[in-house]
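No lab work stands behind these numbers, since they all come straight from the coordinates. The model shown is predicted, which means the values in this text are computed figures rather than measured ones. Heads up, the Cβs are rebuilt from the backbone with ideal geometry, glycines too, and the neighbour counts pull from every protein chain shown.
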Amino acid sequence: MTRNLSYREAINEALVQEMTRDESVFVYGIGVPDHKGIFGSTSGLAEHFGSDRCFDTPLAEDSLTGFGLGAALNGLRPIYVHMRADFLLLAVNQLANMVSSYTYASAGKLKVPLVIRAVIGRGWGQGFQHSKSMYSIYGHMPGLKVVLPATPYDAKGMLISAIRDDNPVIVMEHRLLYDVSGEVPEEPYTVPIGQAHTLRPGGDITVVAASWMSVEAIKAAEVLEKHGVSVEVIDPRSVSPFDSETIVASVKRTGRCIIADNDWLHCGFSAEVAAALAEHCPSELKSPVVRLGYAPAPCPCTRPLENRFYANAVDIIRAAEKMLGTNPLDLSGEEFYSYEHKFQGPF
Amino acid sequence: MTRNLSYREAINEALVQEMTRDESVFVYGIGVPDHKGIFGSTSGLAEHFGSDRCFDTPLAEDSLTGFGLGAALNGLRPIYVHMRADFLLLAVNQLANMVSSYTYASAGKLKVPLVIRAVIGRGWGQGFQHSKSMYSIYGHMPGLKVVLPATPYDAKGMLISAIRDDNPVIVMEHRLLYDVSGEVPEEPYTVPIGQAHTLRPGGDITVVAASWMSVEAIKAAEVLEKHGVSVEVIDPRSVSPFDSETIVASVKRTGRCIIADNDWLHCGFSAEVAAALAEHCPSELKSPVVRLGYAPAPCPCTRPLENRFYANAVDIIRAAEKMLGTNPLDLSGEEFYSYEHKFQGPF
Amino acid sequence: MGFSPKPTDALKLNLELYRKLYLARQAEESIRAHYAENEMKTPMHMSMGEEAIAVGVVSVLGPDDQIFATYRSHAIYLARTEDSDDFFAEMYGKETARLKGKGGSMHMCDPERGFMGTSAIVASAIPVAVGAAFASRKQGNDTITVAFFGDGACDEGVFWESLNLACLMKLPVLFVCEDNGLAVHTPQSLRQGYRSIAAIVSKFNCQVLEETSTDAEVIYDLTRKAINLIKANRQPVFMHLQYYRYLEHVGVNEDFDAGYRSRKEFEEWRQVDPVNLQRKKLLGNGTSETEIAKIETKIDRQIENSLKKAKDAPFANDAELCRGVFS
Amino acid sequence: MGFSPKPTDALKLNLELYRKLYLARQAEESIRAHYAENEMKTPMHMSMGEEAIAVGVVSVLGPDDQIFATYRSHAIYLARTEDSDDFFAEMYGKETARLKGKGGSMHMCDPERGFMGTSAIVASAIPVAVGAAFASRKQGNDTITVAFFGDGACDEGVFWESLNLACLMKLPVLFVCEDNGLAVHTPQSLRQGYRSIAAIVSKFNCQVLEETSTDAEVIYDLTRKAINLIKANRQPVFMHLQYYRYLEHVGVNEDFDAGYRSRKEFEEWRQVDPVNLQRKKLLGNGTSETEIAKIETKIDRQIENSLKKAKDAPFANDAELCRGVFS
Ligand SMILES: Cc1ncc(C[n+]2csc(CCOP(=O)(O)OP(=O)(O)O)c2C)c(N)n1
Ligand SMILES: Cc1ncc(C[n+]2csc(CCOP(=O)(O)OP(=O)(O)O)c2C)c(N)n1
Ligand SMILES: [Mg+2]
Ligand SMILES: [Mg+2]
């Protein structure tokens, strides 16, 4: 049976079902058992499964990542939750030097079924230390999988896949997505890790848009469609492994590509997407690839600058117009930023 | 006056000259004052300038990066040295959340003249925890500059530029380069940060090769030249700021590009180079871009696998042949891996 | 300002302390009154309850001493600068603020007045303070660097590294641990594998001072002692100071209904509320109700005025977005 | 193996300890003899001097206990496995090694025998050991997890975080700090802002044991005591054990001419060399020179044989390069 669930509910359901199915799954991190429950995503777990399967921790991201590794090596399935991906930056050493290489270091004898969840991207006036994504730096490390579910359906299915995976998987969840709703089957299911998803077919331009940017891209596509421009929106869903085939196949058809990312561009995931095109279909490109993302600056707090810091549907529309050589549309009748307006109060 | 100096001597000379010129410059890190002096690059500094300007530290990369930041905010010019870039991964939080944003966070009122030196890449049987480069992850952070001097001339000139820069600069030095010699002027000079350098002009293929890979690329170009293939070798020299113009201009002429990196490919610097081509000259590409770099695995220790892990001149030659559709050359008469053979003993 | 012997005029000091306590408290009351208007779009980590620590410590510092702090720094910032214009302009994210709204509540920074900035990544500013103290000593300055942080910061490895570094290098650092027993909603029993942080730190080469008082003057005196110790022994001092956080971790409301702590505890601490306590002390010391009301009215007007100016001010234009990334 | 009461037959124990001590020592002597041939292309961080710690601790452990260690683990690995075939195959980077040469000297790993791997990033394996201990307890196993690390590891924040975590969660972790006074060439006076690590750690909720002996039996007894304490108190134990590093930090040579330490110091420690000490003890206990020589000859042959096999073995083929990145 399928119901309409929010992204946070979808995550919560995945956790409940997997913890029920498998005793070895446990959830830890600052705030996971408290009344806020990581924006609701871990609510009820401590009550339901007990405080030894859902527990609070000291502030110690580096050691707690190693802790998860040690538990995973011994057959447990830890899920370490970070309220913000900015805090994951304290654990880069464990990820790069330990977690990602432990299976290789044991010549395949040891498995690392560790899941790390981290909230990324824009929130509400959060400034430069609570707004980062930086998935490219984790995607850069062989031995790690990095996924970016963008819908409630994927949030549940990819988290279940991550939990059942015998390898370390980082699941990055955009803060603004938590309020997005969609159809979610009640029974447990998996969404394979490493497959892009075509959210909307189209023939004129391919927009590659992961995580929150897929919401912006859909909005842009809807607006452009009214004006006769057909946009194909592809959600890569996974930074690593990366499904370049789906994207390349689409661009071979459309000949045009806009990459819209929730991150800085330079050396970011958007560069990898563009590189795939340069490697696989440069001659099919009718116009140069365009990348959109964070402004090349730390994120400012004040709303007007924050609005300019993040790329959005309007930026995608403008880029598409430029690429097609058409005149700028009058967008005054359109409603943008619906989530930013809905979203209020800290975090 | 110009002399032939090794890369390590060139670094050492830059340090001596800048420390002499400016009292606020100091050098710190594990081993900087010892008898090995970071492969000779810091030898003599403690003796010459005293132990409060060249000093040993605890093993505490995270806090010592913040320490450098605090000193830099107050007008000192710290140079923090890491024997291995793998250890810099413990300080990613300070770099991403503090160092890179401090000037912005003070609305430009505070300067951060901090230099971080870190040794990257292949050494000798060093395995997966002493062979990383990962400059893309630092290049990804706005507010940081990241440079990769590849010659003794640049080693001196770019280090002096970095020291005099009022912004944080990470200088990454490939271990194998330490034994390379070249012409170096005696007097202090600067090499501007953010300009690529065409090491060898050519018309058939552009090879973009930073740091150690430029040595491999030159070797490949020499071999290919004997067989009538003219290779242009460009050393980007700086990951951030990134001089895409020089590279794009070259590829517009040659129509072909091989990117050879000292790092993993996925979401790496090589992706940014390829992305620049997709953004600026896709229609000028006569054939798809090719990237070479680390194998997608942690680095193994044993020599035969280690040899396959790193890309080298032979790989560049084979990629060029494929790109040009010519038959594989007989390379049996050529001498490759000269440095790997020369290099012996740990580190 | 200026580090000097304690004013022989204790009354003058107590008036100064009260002025700052009242300013910090009322500025936050003003935030509480206006936050729901949704014009201050910045997450607020309120100081209410910790004012005695902020005011007591900061009031001892000289003009060249430096402060590094956290996302929870309203009181510290106001005690240091008493500049409510800049404060509210920043809360409203306006161009008229020194930082033009780029920082917001979590990231105030005013280096010209020795408020060297904050970090919202717990414990991350502590090593920066240690480096600043190194610079101070190297440059032959006789200044102190203060690192404010919460009890949660002691969970992080970088705290231990920084403590070790400062003790090793004998740097003039004053570590101020503002202990409210909580990290967000997590009590110490779920975070600390030890009984007393003070007992552990005292085994490093530094001095440890502990206090539970909410009397700003007590904190002031203790801080004077701390700074004397730093200068006399050429060693850092670690101050462990307890207080009670009145409001939710982030946001402007009470949260005693959330279940992780009781209103009763709050009521007990309210008995010794730092602002009331100081007011009562002044009354007991012979200051008249009228005199006190005069101070209060002046500050109320100042705040009202700052708030109005902030509301009326323009936002920075888009060009600010990428300005100041590099020097 | 197997955690059991101390053998009533003390002689049997002492023979076992000697066998392992001699194996560790001679394996490294063999490396020294052959390293210049440049066939073992892996940086060697030699154990010489620490054998009593490695052998003493490891010999107490049961088959399901787990060990996490560092790049300096030859003696620990050999004490645990006594498998010189695998050891030398890995040093020579050959396909016949369990790890097929992917690890080398710094990264031995044999999980089937409880040697869970090492880290060459100082202190990085310590939290992993804590997590393993958590799994052990959660799974209802009665096992111990041992984290070996050097004194330099205590400089790193992650050490403090891990110690706190283990003490907070009351996990069955045995922390073994092998203190040789040095991190590469840097003495503790340039790294530690405190007098005694043991004094600090004892303020956490754990037990601390200290020892300077180079007698493997003393270390063995102390480790038994430690494990009893862990089980009785449900608390971690921190063992602080001193030794002298005979050779350079990395490499197979002496380096007393480098200037950072004196040969005299070395000569003093040589008086109590752990292998000699144990040998003398055996002689004193009535074991004959012939009996001892028999043990030694057997091990000499074993090593010679392992070395030859390693030299003769093939390298893994290229397909191994990317095998085992993922499960
Ligand atoms: C490194 C890091 N981890 C987690 C967080 C999320 N977080 C924000 S404040 C906080 C609690 C900090 O507690 P404490 O240091 O005692 O300060 P207090 O809020 O009590 O003043 C946490 C966990 C963070 N900001 N940084
Ligand atoms: C995080 C980190 N920083 C620096 C290094 C370089 N390094 C390798 S071994 C070593 C010294 C470690 O000393 P200790 O922990 O006492 O171990 P020992 O070598 O004395 O056995 C250092 C600094 C490293 N490997 N990892
Ligand atoms: Mg607190
Ligand atoms: Mg040591």
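Quick notes
- By DSSP, the beta bridges lying fully in the protein assembly as shown are antiparallel in about 20 percent of cases.
- Look at where the Cα atoms of the stretch B:111-145 and of the stretch C:106-121 average out, and the two centres are 28 Å apart.
- Global form of the stretch B:7-185, assessed from the alpha-carbon gyration tensor, a/c cut-off 1.5: rounded
- Annotation: lysines with alpha-carbon distance below 21 angstrom to A:Lys111 (same-chain offsets under eight excluded): A:Lys145, D:Lys100, D:Lys102, D:Lys138.
- Label-to-label distances for B:Glu225 across copies, nearest first, come out at 5.8 nm, using points 7 Å from Cα in the beta-carbon direction.
- In this assembly of identical copies, the label point of C:Thr290 (Cα plus 7 Å along Cα-to-Cβ) is separated from its counterparts by 11.3 nm, sorted shortest first.
- Basic side chains Lys and Arg get +1 at the Cβ, acidic Asp and Glu get -1 at the Cβ, and with that the dipole of the protein assembly as shown about its Cα centre reaches some 640 debye.
- Dividing the mean sequence gap of close Cα pairs (under 8 Å, 6+ apart) by how many residues chain D holds gives a relative contact order of 23 percent.
- Under the criterion of Cα pairs below 8 Å and six or more residues apart, the relative contact order for the stretch A:7-185 equals 25 percent.
- Most mobile of C:Lys138, C:Lys41, C:Lys170 in a GNM of chain C (Cα contacts under 10 Å): C:Lys138
- Gaussian network model of chain D, Cα within-10 Å springs - most flexible of D:Asp142, D:Asp65, D:Asp85: D:Asp142
- Of all the options C:Ala183, C:Ala125, C:Ala258, the one that moves most in a Gaussian network model of chain C with Cα springs shorter than 10 angstrom is C:Ala258.
- Cβ-based charge dipole, the stretch B:24-115, positive-most Cα from B:Val92, B:Val25, B:Ser106: B:Ser106
- Amide H to amide H distances under 5 Å link C:Gly251 with C:Met44, C:His45, C:Met46, where only residues 5 or more positions off or on other chains count and H is placed in the peptide plane.
- Dipole magnitude of chain B about its Cα centre (Cβ charges: Lys, Arg +1; Asp, Glu -1), debye to nearest 20: 440 debye
- With label points set 7 Å from Cα along Cα→Cβ, the inter-copy distances at D:Arg195 are 2.1 nm, sorted shortest first.
- Ranking B:Gly157, B:Gly121, B:Ile137 by how far each Cα lies toward the positive end of the dipole of the stretch B:7-185 (charges on Cβ) leaves B:Ile137 at the top.
- Rounded to the nearest 500, the helix-only mean residue ellipticity at 222 nm of chain D stands at -13500 deg cm²/dmol, with each DSSP H run of n ≥ 4 adding -39,500 (n - 2.57).
- Here the stretch D:60-105 and the stretch A:6-53 have alpha carbon centers that stand 39 Å from each other.
- Pairs of Cα atoms nearer than 8 Å and 6+ residues apart set the relative contact order; for chain B it is 16 percent.
- Acute angle (nearest 10 degrees) that the helix B:7-21 long axis makes with the longest principal axis of chain B, alpha-carbon atoms: 30 degrees
- Estimated 222 nm signal from helices in chain B, with DSSP H stretches of n ≥ 4 weighted -39500 (n - 2.57), rounded to 500: -10000 deg cm²/dmol
- Cβ-defined net charge surrounding A:Leu277, 15 Å radius [Lys, Arg +1; Asp, Glu -1]: -4
- Cβ nearest the rotation axis (D onto C), residue from chain D and distance to the nearest whole Å: D:Gly157, 1
- With 27 Å as the limit, the listed pairs A:Lys226/A:Lys252; B:Lys109/C:Lys311; B:Lys219/D:Lys41; A:Lys109/D:Lys170; D:Lys264/D:Lys309; A:Lys36/C:Lys309 have A:Lys109/D:Lys170; D:Lys264/D:Lys309; A:Lys36/C:Lys309 beyond it between alpha carbons.
- Note on chain B: antiparallel DSSP beta bridges, both residues inside, total approximately 25 percent of the bridges counted.
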